[in-house]
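> Have a look at this one before I ask anything.
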Amino acid sequence: MPEIPAAGPITAETVVYPARLVRTMDPARPTADAVAVRGDRILAVGTLEELAAYRPDRVDDRYADAVLLPGFVEAHSHASSGGSWRDVYVGRFERTAPDGRVWPGCDSVDAVIERLREAEALLEDPDQPLRAWGFDPLFFPGEPFGAAELDRVSTTRPVHLQHASGHICVAGSRLLQLAGITRDTHVEGVVMGPDGEPTGELQEFAAMGLVWAVIGGNLMELSADSLRAFAQDAVNQGATTLTDLGSVSLARPGGERVYLDTATGDFPARISAFHFGSAGASSVRAEEAVARIVALAEESTDLVRFGHVKLMLDGSIQGFTARLLEPGYLGGRPNGIWGMTPEEFEESLTIFHRAGLLVHVHCNGDQATQLFIEVMERVLTAFPRPDHRHTVTHSQMTTPAQYRRMAALGMGANLFANHIWAWGDQHMDVTVGPDRAARMNAARSALDAGVPISLHCDTPVTPLGPLRTVQHAVTRRTPSGRVMGAGERITVEEALKAVTLGGAYLLKMDHEVGSIEPGKLADLAVLADDPCAVAEDEIGAIRVLGTVVGGRHHASRVGTPAAAVAPEPVSVGA
């Protein structure tokens, strides 16, 4: 574990950075004119005259025209998103890769098929899988999309298409054949058609995992290149602390090395890596993994943190695999799929809680949240533990009554505010209806109940971009222009706190990051404008110039001359 910093001999250079504005997120001094940095730490904030008392070695004017905020903290993201760009993006909306290149969205099923055909034509090895991601059929109502549609791309090559949610994929006929998926495959989530044959749609991890060996492994597997691209994406968006919320490698001997060997020196982000402890995603049971995860916490560095766990209770709302209480899905659709059984969940949470680990639990539906709350109450009654900070992550359907119980139990909530934009219209019209949609991602209710919150993007599900996340939580506006529940809006200041100190608190890092205060790590977001001074619907468009991580400067690649519309495709392959 990193040593607790203490005052000692001054050896590092002290540099003062004047800015157009410094917004600290520290109520003691909410704004300032400049920041003094000594080594990798904040020394002081104030006016230039005040900071002269610290006898700086020099004044650096590189941020004189910029606005400085604490580096944003993304408390639910996936490091594998950095490697997504080796595959073919076919999402509905335009998206920018970490290198700054822009991929146009696919506005029809035919556009999806055409992009996949272009990618398939570039593959020289006839047996190499074609992998794509970002698709969601909700944007194309009435148009089926299964194996038959992927067979329009190729019937001889395994073709794999991951839904944007990450909870559903589609396999072409050749992939189904190679994976041995037939009418006799009895795994929950393997969707069968009226003829009893598999449609190609595979829902949730048990079913999706049936094809992993054929396509080259679990799409959450991580490489050094993926990790570097993930970190550059963070620089582009002003984020300095990230999560890999669900690592499939940490329970394996040596699985930590990709983090420790890559995130060194001037690596431009801090990463909190969570062991993925759910059945279907991890082959290692909780009682087998717990000692290793506890030991890994001692291997943490300033840039990499271990010792946390993610569990997953349900699926996605837009994929109709989340677990909902009454009245359920619009139109009476069947309820979703448990990510692990309630019995498995209680056993796992108990084991990890007793070991002193921080646990974040994926709960999209309110039935999943309810189970977490009820189990949490039993676990805390049996094994009290102060300041556990166990968190409902996503928390999309959590009700005011559930938030009140969460507050009483000391739980946190990390809300998926980006859903308001990404699928808001679909939630109002297709998944849960306008009334329940108005209550989704209820940040106002959470704060009013006294629950500490953060807001997140869950990249690659939606793009990393804390400023856009702030905008969505503040405006709650959908792509069609409708407001999805005005009563759950929060203020700009509340949303900024959620993506800085809020995220840091839920990661147990608020003593180190999340605000610009003396003694904290010198992690800054460098912006072209002040989020509190622009129109609410323009916050997400503020240009991010770069970041500072531990006093080291990193430049954004978005909007640079190298950034251009990507050729289609940039790259493909397994």
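The values are calculated or read from the model by the stated rules, or taken from the named source; none is laboratory data. Here the structure is a predicted model, which means the values were calculated and not measured. Heads up, the Cβs are rebuilt from the backbone with ideal geometry, glycines too, and the neighbour counts pull from every protein chain shown. Areas reflect the complete protein model, heavy atoms only, side chains present, ligands, DNA and RNA absent. Shrake-Rupley method; radii C 1.70, N 1.55, O 1.52, S 1.80 Å.
> Please state which one of Ser300, Ser316 is in a loop (DSSP other than H, G, I, E, B), open to solvent by less than 40 Å² (accessible area, probe 1.4 Å), closer than 28 Å to Arg378 by Cβ and at pLDDT 95 or above. Give the derivation first.
Numbers: Ser300 fails: closer than 28 Å to Arg378 by Cβ.
Testing whether each residue is in a loop (DSSP other than H, G, I, E, B), open to solvent by less than 40 Å² (accessible area, probe 1.4 Å), closer than 28 Å to Arg378 by Cβ and at pLDDT 95 or above leaves just Ser316.
> In the set Asp425, Asp458, Asp429, Asp448, which member is at pLDDT 95 or above, over 25 Å from Gly91 (Cβ atoms) and not aliphatic (A, V, I, L, M)? Quick ask: steps written out before the conclusion?
Details: Asp425 fails: over 25 Å from Gly91 (Cβ atoms); Asp458 fails: over 25 Å from Gly91 (Cβ atoms); Asp429 fails: over 25 Å from Gly91 (Cβ atoms).
Within the list Asp425, Asp458, Asp429, Asp448, the selection yields Asp448.
> Show the residue pairs that are 6+ apart or on different chains and have beta-carbon atoms under 8 Å apart, the first residue being within region 262-280 and basic (Lys, Arg), the second being open to solvent by 20 Å² or more (accessible area, probe 1.4 Å) and at pLDDT 95 or above.
Close Cβ pairs (under 8 Å, with a partner that is open to solvent by 20 Å² or more (accessible area, probe 1.4 Å) and at pLDDT 95 or above) amount to Arg270/Asp302; Arg270/Leu303; Arg270/Arg305.
> Considering only residues of region 22-37 that are open to solvent by 40 Å² or more (accessible area, probe 1.4 Å) and within 31 Å of the chain's Cα centre (by Cα), which is farthest from Glu512 (Cα to Cα)? Even if it seems obvious, please write down each step before you answer.
First, pick out the residues of region 22-37 that are open to solvent by 40 Å² or more (accessible area, probe 1.4 Å): 23, 27-31, 33.
Imposing the further condition that a residue be within 31 Å of the chain's Cα centre (by Cα) reduces the set to 23, 27-31.
On the way: Arg23: 17, Pro27: 16, Ala28: 17, Arg29: 17, Pro30: 17, Thr31: 19 Å.
Here the answer is Thr31.
> A further question follows. Which condition from (1) in a helix (DSSP H, G or I); (2) open to solvent by 40 Å² or more (accessible area, probe 1.4 Å); (3) at pLDDT 95 or above is the one that Ile293 breaks?
Result: Ile293 fails condition (2) only.
> Which residues, counting only those in region 95-107, are in a loop (DSSP other than H, G, I, E, B), within 19 Å of Gly559 (Cα to Cα) and either modelled with pLDDT of 95 or more or open to solvent by less than 20 Å² (accessible area, probe 1.4 Å) (or both)? Walk me through how you get there before you give the answer.
So the first thing to find is which residues in region 95-107 are in a loop (DSSP other than H, G, I, E, B), and the list is 97-101, 104-107.
From what's left, within 19 Å of Gly559 (Cα to Cα): 97-101, 104-105.
Listed by number, the residues that qualify are Ala97, Pro98, Gly100, Pro104, Gly105.
> Can you tell me how many residues in region 83-94 are assigned to a loop (DSSP other than H, G, I, E, B) and either open to solvent by 50 Å² or more (accessible area, probe 1.4 Å) or among the hydrophobic types (A, V, I, L, M, F, W, C) (or both)?
4
> Of the residues Leu415, Leu447, which single one is open to solvent by 10 Å² or more (accessible area, probe 1.4 Å), under 23 Å from the mean Cα position of the chain (by Cα) and not basic (Lys, Arg)? Steps first, answer last, please.
On the way: Leu415 fails: open to solvent by 10 Å² or more (accessible area, probe 1.4 Å).
The match here is Leu447.
> May I ask you to list the residues in region 129-174 that are surrounded by fewer than 20 Cβ atoms within 10 Å (Cβ to Cβ) and of a type in the set (Val, Ile, Thr)?
Thr155, Thr156
> Say we look at region 463-478 and pick out the residues that are touching a residue at least 60 places away in the same chain (Cβ under 8 Å) and out of contact with any Leu (no Cβ under 9 Å at 6 or more places or on another chain); which of these is nearest to Gly71 (Cα to Cα)?
Step by step, filter region 463-478, then rank; the result is Gly465.
> Working only within region 16-66, note down all residues that are of a type in the set (Val, Ile, Thr) and touching a residue at least 24 places away in the same chain (Cβ under 8 Å). Explain how you work it out, then say what you get.
Here is the first cut: in region 16-66, the residues of a type in the set (Val, Ile, Thr) are 16, 22, 24, 31, 35, 37, 42, 45, 47, 59.
Residues satisfying the conditions are Val16, Val22, Thr24, Val35, Val37, Ile42, Val45, Val59.
> Check Ala251, Ala273, Ala322 and return the single one that is part of a loop (DSSP other than H, G, I, E, B) and surrounded by 24 or more Cβ atoms within 10 Å (Cβ to Cβ). Please lay out each step first, then the result.
On the way: Ala251 fails: surrounded by 24 or more Cβ atoms within 10 Å (Cβ to Cβ); Ala273 fails: part of a loop (DSSP other than H, G, I, E, B).
The match here is Ala322.
> Could you tell me how many of the residues in region 172-190 are more than 14 Å from Ala206 (Cα to Cα) and over 31 Å from the mean Cα position of the chain (by Cα)? Full working, then the answer.
If we filter region 172-190 for residues that are more than 14 Å from Ala206 (Cα to Cα), which is where we start, we get 172-178, 180, 182-184.
Add one more test, that the residue is over 31 Å from the mean Cα position of the chain (by Cα), and what stays is 173-174, 177-178, 180, 182-184.
Going through region 172-190 one residue at a time, the tally reaches 8.
> Can you spot a residue in region 12-19 that is at pLDDT below 95 and either open to solvent by 80 Å² or more (accessible area, probe 1.4 Å) or over 13 Å from Asp523 (Cα atoms) (or both)?
Here is the first cut: in region 12-19, the ones at pLDDT below 95 are 12.
From what is left, the residues that are either open to solvent by 80 Å² or more (accessible area, probe 1.4 Å) or over 13 Å from Asp523 (Cα atoms) (or both) are 12.
Yes - at least one qualifying residue is present in region 12-19.
> Report, by residue number, each residue of region 418-444 that is crowded, with 24+ Cβ neighbours inside 10 Å and among the aliphatic types (A, V, I, L, M). Steps first, answer last, please.
Filtering region 418-444 down to residues crowded, with 24+ Cβ neighbours inside 10 Å leaves 418-420, 422-424, 427, 432, 437, 440-443.
Ile420, Ala422, Val432, Ala437, Met440, Ala442, Ala443 - these are the residues of region 418-444 that are crowded, with 24+ Cβ neighbours inside 10 Å and among the aliphatic types (A, V, I, L, M).
> Would region 121-128 turn up any residue that is touching a helix residue (DSSP H, G or I) at 6+ places or on another chain (Cβ under 9 Å) and open to solvent by 10 Å² or more (accessible area, probe 1.4 Å)?
no
> Continuing with the same structure: Is it the case that some residue within region 396-411 is under 25 Å from Pro466 (Cα atoms), modelled with pLDDT of 95 or more, in contact with a helix residue (DSSP H, G or I) (Cβ under 8 Å, 6 or more places away or on another chain) and of a type in the set (Lys, Arg)?
The answer is no, given that none of the residues of region 396-411 is under 25 Å from Pro466 (Cα atoms), modelled with pLDDT of 95 or more, in contact with a helix residue (DSSP H, G or I) (Cβ under 8 Å, 6 or more places away or on another chain) and of a type in the set (Lys, Arg).
> Another question about this same structure. Against the definition (surrounded by fewer than 20 Cβ atoms within 10 Å (Cβ to Cβ), closer than 24 Å to Trp421 by Cα, modelled with pLDDT of 95 or more and within 21 Å of the chain's Cα centre (by Cα)), how does Ala541 come out, yes or no? Let's see the steps before the verdict.
Details: surrounded by fewer than 20 Cβ atoms within 10 Å (Cβ to Cβ): yes; closer than 24 Å to Trp421 by Cα: yes; modelled with pLDDT of 95 or more: yes; within 21 Å of the chain's Cα centre (by Cα): yes.
The answer is yes for Ala541.
> Report whether or not Ser283 is more than 30 Å from Gly559 (Cα to Cα), open to solvent by less than 40 Å² (accessible area, probe 1.4 Å) and modelled with pLDDT under 95. Write out each step before concluding.
Working: more than 30 Å from Gly559 (Cα to Cα): yes; open to solvent by less than 40 Å² (accessible area, probe 1.4 Å): no; modelled with pLDDT under 95: yes.
For Ser283, the condition - more than 30 Å from Gly559 (Cα to Cα), open to solvent by less than 40 Å² (accessible area, probe 1.4 Å) and modelled with pLDDT under 95 - is not met.
> Hey, another quick one. Could you list, in sequence order, the residues of region 121-154 that are assigned to a loop (DSSP other than H, G, I, E, B), of a type in the set (Gly, Ala, Ser) and closer than 20 Å to Leu178 by Cα?
Let us first name the residues in region 121-154 that are assigned to a loop (DSSP other than H, G, I, E, B), namely 122-129, 136, 140-146, 151-154.
Now drop any that are not of a type in the set (Gly, Ala, Ser), which leaves 142, 146, 154.
Matches in region 121-154: Gly146, Ser154.
> With the condition being touching a residue at least 40 places away in the same chain (Cβ under 8 Å), I'd like the strands (runs of 3 or more DSSP E) fully within region 168-215 carrying at least 3 qualifying residues. Spell out how you get there, then give the answer.
Details: elements: 168-171, 190-192, 198-203.
Output list reads 168-171, 198-203.
> Tell me, which residue of region 191-205 that is within 26 Å of the chain's Cα centre (by Cα) and open to solvent by less than 20 Å² (accessible area, probe 1.4 Å) is modelled with the lowest pLDDT? I'd like the intermediate steps shown before the answer.
Filtering region 191-205 for residues within 26 Å of the chain's Cα centre (by Cα) gives 201-205.
Of the ones still in play, those that are also open to solvent by less than 20 Å² (accessible area, probe 1.4 Å) are 202, 204.
Numbers: Leu202: 96, Glu204: 92.
Restricting to residues being within 26 Å of the chain's Cα centre (by Cα) and open to solvent by less than 20 Å² (accessible area, probe 1.4 Å), the top hit is Glu204.
> Hey, Glu288 hits all of (1) open to solvent by less than 30 Å² (accessible area, probe 1.4 Å); (2) assigned to a helix (DSSP H, G or I) but one; which does it fall short on?
(1)
> From the list Leu116, Leu43, exactly one residue is open to solvent by less than 10 Å² (accessible area, probe 1.4 Å) and either over 29 Å from Ile453 (Cβ atoms) or aromatic (Phe, Trp, Tyr) (or both). Which is it? Spell out how you get there, then give the answer.
Values: Leu43 fails: open to solvent by less than 10 Å² (accessible area, probe 1.4 Å).
None of the others qualify; the one that does is Leu116.
> Still on this structure, please answer the following. How many of the residues in region 347-358 are open to solvent by less than 10 Å² (accessible area, probe 1.4 Å) and without any contact (Cβ under 8 Å) to a residue 60 or more places away in the chain?
Summing the residues that are open to solvent by less than 10 Å² (accessible area, probe 1.4 Å) and without any contact (Cβ under 8 Å) to a residue 60 or more places away in the chain in region 347-358 gives 2.
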